Amino acid sequence: METVISVQELTKIYGDKRVVDKVSFTVNKAEIFGLLGPNGAGKTTILECLEGLRIPESGSMSIMGVDPIREPGRLRSLIGVQLQSGGLPATIKVREAMQFFSAYHKMTPRMDLLERLNLSEKREAEYHTLSTGQQRRLALALAAAHEPPVLFLDEPTAGLDVASRTELHRLMIELKEAGTTIILSTHGMAEAEEMADRVAILLRGRIVTVGTPRELTATGSGFTKISVRTVNNSTKGVSLPSVVKQLTREGYNIFYTHDIGPSVTAIIACIEQNRDTLIDLRVERPTLEERFLELTKEGAV
């Protein structure tokens with residue numbers, strides 16, 4: 001696959017603190033790459049270095065072959081940036097902001113993006129009158145207006161209602177399918193698990209693991225949850241292979257296992273042997289949030 005973003009041994013120091021410590025990763029074309037970590041892990045600093053806003057102490061970076069620090073002019077046409085805070089003048093109107101950003105990139109104003117992100121009715125509203133969610137939606141519209149091949153999103157759905165968040169996710173998928181590469185920094189584990197092709201989890205300025213959400217949730221000590229409901233409750237209290245814990249809740253017998261296959265096979269066999277009837281069976285893998293909490297807890301020790 002084509003590598004669009006390359007970060008090698010990136011280090012950034014503030015005072016006597018290494019905020020980013022020898023971080024390395026690559027991002028492929030048309031990939032949504034998630035940066036996850038607790039506050040202070042270094043996510044925003046990494047984005048700011050890639051965006052040419054911060055100069056690292058050491059290491060190298062490349063976006064489509066362009067060095068963000070040495071070639072800022074070429075970088076501007078390659079990236080779109082949606083920051084945590086918009087930084088727009090308080091009295092600028094939504095329409096004016098779109099016209100200004102589009103003119104800067106020599107593009108026709110993308111008023112269709114304002115409509116997509118439910119901002120059409122706010123076209124004549126001044127920036128300071130917008131809610132936090134509306135300001136974030138405007139920031140995304142401005143970041144994507146010139147159709148950049150690389151898009152940086154820093155907490156894009158914070159403060160958004162369900163409808164706006166759904167529309168934002170739909171737009172992200174459309175951009176990805178059109179070939180846009182997206183780096184997504186978020187505290188939303190469910191969002192990262194749903195949207196990201198791969199994620200990197202940072203702790204204290206270092207990457208502790210990189211992989212697809214499924215790869216990460218398949219590792220560690222997390223157990224798969226199997227919930228079973230039958231007519232005669234024949235699975236209650238039975239001993240099953242690989243099961244480390246079981247309980248009963250709301251009519252379901254719930255089993256926690258580290259090996260799904262033997263456990264499910266034994267459950268089905270138990271139901272058949274007792275001539276019981278299965279009503280519902282659900283298998284739930286450990287979530288990315290559970291794996292994240294496990295990794296950050298290990299790193300804090």
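Quick notes on this structure:
- GNM top mover of V243, V208, V94 - the chain, alpha-carbon springs below 10 Å: V243
- Kirkwood hydrodynamic radius of the stretch 126-265, Cα pairs, Å: 18.6
- Taking the alpha carbon gyration tensor of the stretch 224-285, multiplying each eigenvalue by 5 and rooting it gives semi-axes of 16, 13, 10 Å, largest first.
- When the chain is treated as a Gaussian network with alpha carbon springs shorter than 10 Å, the biggest mean-square fluctuation among L53, L119, L247 belongs to L247.
- Set of lysines with alpha-carbon distance to K122 below 24 Å, sequence-local pairs under 8 removed: K93, K106
- Of all lysines in the structure, those lying under 21 Å Cα to Cα from K225, and not within fewer than 8 positions of it along the same chain, are K236, K245.
- Computed on the Cα atoms alone, the convex hull of the stretch 186-249 gives a volume of 146 cubic angstrom per residue.
- Entries of K43/K297; K17/K43; K12/K297 with Cα pairs more than 21 Å apart: K12/K297
- The Cα-based radius of gyration of the stretch 3-217, divided by its Kirkwood radius, gives an Rg/Rh of 0.96.
- GNM flexibility winner over the chain from P148, P213, P262 (Cα, springs under 10 Å): P262
Here, each number is a calculation from the coordinates, and none is a lab measurement. What you see is a predicted model; the values in this text were computed from it and never measured.
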